[in-house]
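S.K.: Encoded as structure tokens, here's the structure I'll be asking about.
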Amino acid sequence: MRNRLLAALPADDMARLAPALNTVQVAVGAVLCEPGQTIRNIYFPNDSLISLLAVAEGRMTLEVGLVGCDGMLGASAALGHDVAQIRAVVQQAGTASCIDSAHFCAELRKNPSLQGVLYRYNDALLAQAIRIAVCSHFHVLEARLARSLLITRDRLQSEKFHLTHEVLAHALGVRRVGVTNAASALQHQKLITYSRGNIEILDAPGLAAVSCRCYEVIKA
Ligand SMILES: [Zn+2]
């Protein structure tokens with residue numbers, strides 16, 4: 001799996017960017033940036049997945065975006081604001097293409113195709129965050145969990161993945177017991193199996209039916 005934003009660039013533009021891109025391994029739980037920190041690197045995930053968490057009082061969090069092979073981490077630095085506003089935590093280990101943000105910004109200024117990709121992606125990221133704000137306030141936890149699992153599945157292109165109760169609680173902004181109850185309900189309906197953080201989606205259409213409409217909106 002390769003990053004689709006980079007893959008969308010014309011070959012000439014990609015050839016200019018390629019020497020500055022390094023493939024890095026990112027481990028589960030690694031914190032790639034914290035609110036208030038200067039963004040020094042921009043990441044384009046390949047098979048890894050990065051959770052974007054809004055942080056309240058230093059400990060409560062809510063996932064406001066998920067960056068996989070169709071996204072990038074650090075888009076705001078490329079747009080001229082180099083102080084992170086979110087905590088970025090690796091949710092699934094794997095590789096990412098990494099570039100120094102100053103180098104990327106210099107390339108961006110002279111590269112219209114890169115600008116187009118970046119502007120469209122930032123717009124999609126904002127739309128995602130807006131939808132998650134609506135979802136978190138108005139929709140029940142079981143539907144939100146279904147939405148979250150389906151989005152993870154789509155980004156990883158896999159029915160099986162590992163997500164602990166703690167990670168899901170941080171993503172959904174709830175206590176762990178809430179995740180346990182919602183996951184049990186989905187398991188009882190034979191939509192998923194969930195044991196020690198190992199999740200398998202058994203019935204994706206059924207899970208989509210239980211999910212709120214936010215899944216389709218974010219996917220679109
Ligand atoms: Zn929703």
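The values are calculated or read from the model by the stated rules, or taken from the named source; none is laboratory data. Computed from a predicted model, the values in this text were never measured in an experiment. Cβ placement follows ideal geometry from the backbone for every residue including glycine, while neighbour counts extend to all protein chains displayed.
S.K.: Within region 80-89, is there a residue that is touching a strand residue (DSSP E or B) at 6+ places or on another chain (Cβ under 7 Å) and closer than 23 Å to residue 8 by Cβ?
M.R.: Within region 80-89, one or more residues are touching a strand residue (DSSP E or B) at 6+ places or on another chain (Cβ under 7 Å) and closer than 23 Å to residue 8 by Cβ.
Conditions tested, residue by residue: (1) away from the ligand (no atom under 16 Å from the Cβ); (2) in the same structural domain as residue 34 (by TED's automatic domain parsing); (3) within 15 Å of the chain's Cα centre (by Cα); (4) not polar (S, T, N, Q).
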| position | (1), (2), (3), (4) |
| --- | --- |
| 68 | yes, yes, yes, yes |
| 77 | yes, yes, no, yes |
| 82 | yes, yes, no, yes |
| 101 | yes, yes, no, no |
| 115 | yes, yes, no, no |
| 124 | yes, yes, yes, yes |
| 128 | no, yes, yes, no |
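S.K.: Output yes when any residue across region 181-194 is at pLDDT below 95 and either exposed (fewer than 15 other Cβ atoms within 10 Å of the Cβ) or within 15 Å of the ligand (Cβ to nearest atom) (or both), and no when none is.
M.R.: no
S.K.: I've got another one for you. Would you check if there is a residue in region 201-215 being of a type outside the set (Asp, Glu), free of Cβ contacts under 8 Å to residues at least 60 places away in the same chain, away from the ligand (no atom under 13 Å from the Cβ) and in contact with a Gly (Cβ under 6 Å, 6 or more places away or on another chain)?
M.R.: Looking through region 201-215, none of the residues is of a type outside the set (Asp, Glu), free of Cβ contacts under 8 Å to residues at least 60 places away in the same chain, away from the ligand (no atom under 13 Å from the Cβ) and in contact with a Gly (Cβ under 6 Å, 6 or more places away or on another chain).
S.K.: Within region 105-121, identify whether any single residue is surrounded by fewer than 20 Cβ atoms within 10 Å (Cβ to Cβ) and within 30 Å of residue 164 (Cα to Cα), and answer yes or no.
M.R.: Yes, there is a match, as at least one residue in region 105-121 is surrounded by fewer than 20 Cβ atoms within 10 Å (Cβ to Cβ) and within 30 Å of residue 164 (Cα to Cα).
S.K.: If you don't mind, another one. What residue, among those in region 130-170 that are of a type in the set (D, E, K, R) and within 9 Å of the ligand (Cβ to nearest atom), is farthest from residue 55 (Cα to Cα)?
M.R.: The qualifying residue farthest from residue 55 (Cα to Cα) is 147.
S.K.: Kindly indicate whether any position in region 18-25 is in a strand (DSSP E or B), in contact with a Leu (Cβ under 6 Å, 6 or more places away or on another chain) and under 28 Å from residue 170 (Cβ atoms).
M.R.: No, the conditions are met nowhere in region 18-25.
S.K.: Output the qualifying pairs, or none if there are none: Cβ atoms under 7 angstrom, residues six or more apart or on different chains, first residue in region 115-142 and at pLDDT below 95, second residue outside any helix (DSSP H, G or I) and of a type in the set (A, V, I, L, M).
M.R.: Cβ pairs passing all conditions: 117/8; 117/9; 121/72; 122/79; 129/64; 132/64; 136/62.
S.K.: Still on this structure, please answer the following. Taking region 151-174 as the region of interest, how many residues are in contact (Cβ under 8 Å) with a residue 12 or more places away in the chain and within 20 Å of residue 61 (Cα to Cα)?
M.R.: Of the residues in region 151-174, 13 are in contact (Cβ under 8 Å) with a residue 12 or more places away in the chain and within 20 Å of residue 61 (Cα to Cα).
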